[in-house]
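One structure is given below, encoded as structure tokens.
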Amino acid sequence: MREINIEELCIKYPLIHELKQLKNVFWENEKYLKHNTNDGLQFTDVIDAQKRLERFEPYIQLAFPETANVNGKIESEIVEIANMKMLIERSRGQQIPGKLMLKCDHELPISGSIKARGGIYEVLKHAETLALNNGLLQMNDNYAKMHDESFRTFYSQYKIAVGSTGNLGLSIGIMGAKLGFNVTVHMSSDAKEWKKALLREKGVTVIEYETDYSKAVEEGRKQAELDPMCHFVDDENSKDLFVGYAVSALRVTDQLNQLNIKVDQEHPLFVYLPCGVGGGPGGVAYGLKQVYGENVHIFFAEPIQSPCMLLGMMTELHAEISVQNIGLTNKTEADGLAVGRASSFVGKLMESILSGCYTVDDRFLFRSLKGMYEQESIFMEPSAHAGVYGPIILFNEGTNYLEKHNLVDQLEQSTHLVWSTGGSMVPKEQRQLYLTTEL
């Protein structure tokens, strides 16, 4: 790690002053579209991931009967949230031209969050590799055979570990334990108690830390390295997680087509993704950019105390700088976004893909949570509502971006897609607590 001179950084990047003052800020990525760093990734990797998930669908139907009506597919719908749009326009006195849509990853099967995409995918890929290498499986087999007890016995000799603030741990733990793996989740202090309890109920070992996410990942990685039978799911650097998330772009394309929503030069698509360490939103962003090119404009949303991706990309220091370096606490009710140091792998990959980042305060998250529930009968956990703030800040602090990219005249035909991240697994008592919280 290089030595960081915060005073010099503040002079070079005045936006740091506003971050330190806990303002909701909008950062425009000056490197957007200027070069392309693929870091060894190919879009064919995403196609392979989609095919692998399809191979596992017969198994998933059996292992998780709640997916039978969707034939074992791990997917969520896209819905229009016109009532929420009207509430925002009414309460803030501003218009949001175009349609406001919601990608409902808070309802993803099995683990109820965006992490069901990448997390479950990496576990399935690891399980497939072990089975193939040991002669238990052929790729042209019906993967329903993996529901047999003999496979659980086989996987019980192997371990999986992950560091998490909550939702990734749930997806790894639920799927890993179902297959028969011994799973350990290293949980940061930000993780909610109900998530720890649910994991333990599923037979997962939970190790708690009084420090934040980065420490939980570090300790998990260290322990896994000492055990040759243990596979560590590295949320900061995993390409398997990344391509699992990216599969969503292929599904979104089909869904928007079915909804008769065009995405082209005259019909731009704006996407708002809550961001923690960066893997989930990064994978989605990568996939969408491959599909839609310059017609999609992607923004990451972060809490005002945890803007690790914004800080890392803006200063080009990536994982070498943390939000604590500029005096922020990394404390937020948006537990899935409570990350102080961003993934360098994702940050560098996003340099030509991401349009920008913005920050949002916890008070807005809870106002939005209540508004969404009252207006649309949709419950999403606080982290997911960071995306809702996207259109609001874009049409205030982000107008320069719209003008620079000649988007102003196309706004009435645009689509704004807020990407939800979690919520359906939240227990009833916790939901009520969120709905009555006043900040």
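The values are calculated or read from the model by the stated rules, or taken from the named source; none is laboratory data. Remember, it's a predicted structure, so these values are computed and weren't measured experimentally. So basically every Cβ, Gly included, is an ideal-geometry build from the backbone, and we count neighbours across all protein chains shown.
Among the residues here, Gly93 does not qualify as touching a Phe, Trp or Tyr at 6+ places or on another chain (Cβ under 8 Å) and without any contact (Cβ under 8 Å) to a residue 40 or more places away in the chain.
Restricting attention to segment 277-294, and to residues there that are over 22 Å from Lys125 (Cβ atoms) and touching a residue at least 60 places away in the same chain (Cβ under 8 Å), which single residue is surrounded by the most Cβ atoms within 10 Å (Cβ to Cβ)? Step by step, filter segment 277-294, then rank; the result is Lys289.
Hey, can you tell me all the residues within segment 114-142 that are farther than 30 Å from Ala386 by Cα, in contact (Cβ under 8 Å) with a residue 12 or more places away in the chain and within 31 Å of the chain's Cα centre (by Cα)?
Passing the criteria: Lys125, His126, Ala127, Glu128, Leu130, Ala131, Met139, Asn142.
Being within 30 Å of Gly244 (Cα to Cα) and part of a loop (DSSP other than H, G, I, E, B) is a property that Gly340 has.
Only one of the numbered conditions (1) among the polar types (S, T, N, Q); (2) modelled with pLDDT of 95 or more; (3) under 16 Å from the mean Cα position of the chain (by Cα) is violated by Gln410, and that is (3).
Quick grid of which residues meet (1) crowded, with 19+ Cβ neighbours inside 10 Å; (2) more than 16 Å from Ile16 (Cα to Cα):
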{"site": "Thr329", "(1), (2)": "no, no"}
{"site": "Leu354", "(1), (2)": "yes, yes"}
{"site": "Ile393", "(1), (2)": "yes, yes"}
{"site": "Asn396", "(1), (2)": "no, yes"}
{"site": "Lys404", "(1), (2)": "no, yes"}
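Filter segment 200-254 down to residues that are in the same structural domain as Ala319 (by TED's automatic domain parsing), of a type outside the set (D, E, K, R) and surrounded by fewer than 16 Cβ atoms within 10 Å (Cβ to Cβ), then give me how many there are. Total meeting the criteria: 1. For segment 1-116, the helices (runs of 4 or more DSSP H) that sit wholly inside it and include 3 or more residues that are buried (at least 16 other Cβ atoms within 10 Å of the Cβ) and of a type in the set (A, V, I, L, M) are 15-20, 43-63, 82-92.
Of everything in segment 310-324 that is β-branched (Val, Ile, Thr) and over 20 Å from the mean Cα position of the chain (by Cα), the residue that is nearest to Ile353 (Cα to Cα) is Thr315.
Of the numbered criteria (1) in contact with a helix residue (DSSP H, G or I) (Cβ under 9 Å, 6 or more places away or on another chain); (2) of a type outside the set (Phe, Trp, Tyr); (3) more than 18 Å from Gly279 (Cβ to Cβ), the one Lys331 fails is (1).
Take the conditions (1) part of a helix (DSSP H, G or I); (2) more than 19 Å from Glu54 (Cβ to Cβ); Tyr121 misses just one of them, which is (2). Taking the numbered list (1) crowded, with 24+ Cβ neighbours inside 10 Å; (2) at negative phi in turn, Thr437 passes all entries but (1). Within segment 422-431, can one find any residue that is closer than 27 Å to Val25 by Cβ, of a type outside the set (Val, Ile, Thr) and not assigned by TED's automatic domain parsing to the domain that holds Gly166? There is at least one residue in segment 422-431 that is closer than 27 Å to Val25 by Cβ, of a type outside the set (Val, Ile, Thr) and not assigned by TED's automatic domain parsing to the domain that holds Gly166. Among the residues of segment 175-199, those identified as out of contact with any strand residue (DSSP E or B) (no Cβ under 8 Å at 6 or more places or on another chain) and crowded, with 24+ Cβ neighbours inside 10 Å are Met175, Leu179, Asp190.
For segment 158-165, the count of residues that are aromatic (Phe, Trp, Tyr), surrounded by 24 or more Cβ atoms within 10 Å (Cβ to Cβ) and either at pLDDT 95 or above or part of a loop (DSSP other than H, G, I, E, B) (or both) is zero.
Please verify whether segment 362-369 includes one or more residues that are of a type in the set (Gly, Ala, Ser), in a helix (DSSP H, G or I), out of contact with any strand residue (DSSP E or B) (no Cβ under 7 Å at 6 or more places or on another chain) and buried (at least 20 other Cβ atoms within 10 Å of the Cβ). Steps first, please.
Keep residues of segment 362-369 that are of a type in the set (Gly, Ala, Ser), which gives 368.
Now drop any that are not in a helix (DSSP H, G or I), which leaves 368.
If we keep only those that are out of contact with any strand residue (DSSP E or B) (no Cβ under 7 Å at 6 or more places or on another chain) too, we end up with 368.
Okay, now just the ones that are also buried (at least 20 other Cβ atoms within 10 Å of the Cβ), so 368.
Within segment 362-369, one or more residues are of a type in the set (Gly, Ala, Ser), in a helix (DSSP H, G or I), out of contact with any strand residue (DSSP E or B) (no Cβ under 7 Å at 6 or more places or on another chain) and buried (at least 20 other Cβ atoms within 10 Å of the Cβ).
Taken as a whole, the condition of being at pLDDT 95 or above and either in contact with a Phe, Trp or Tyr (Cβ under 9 Å, 6 or more places away or on another chain) or hydrophobic (A, V, I, L, M, F, W, C) (or both) applies to Pro58. Among the residues making up segment 386-411, a single one is free of Cβ contacts under 8 Å to residues at least 24 places away in the same chain and not in a helix (DSSP H, G or I): Asn406.
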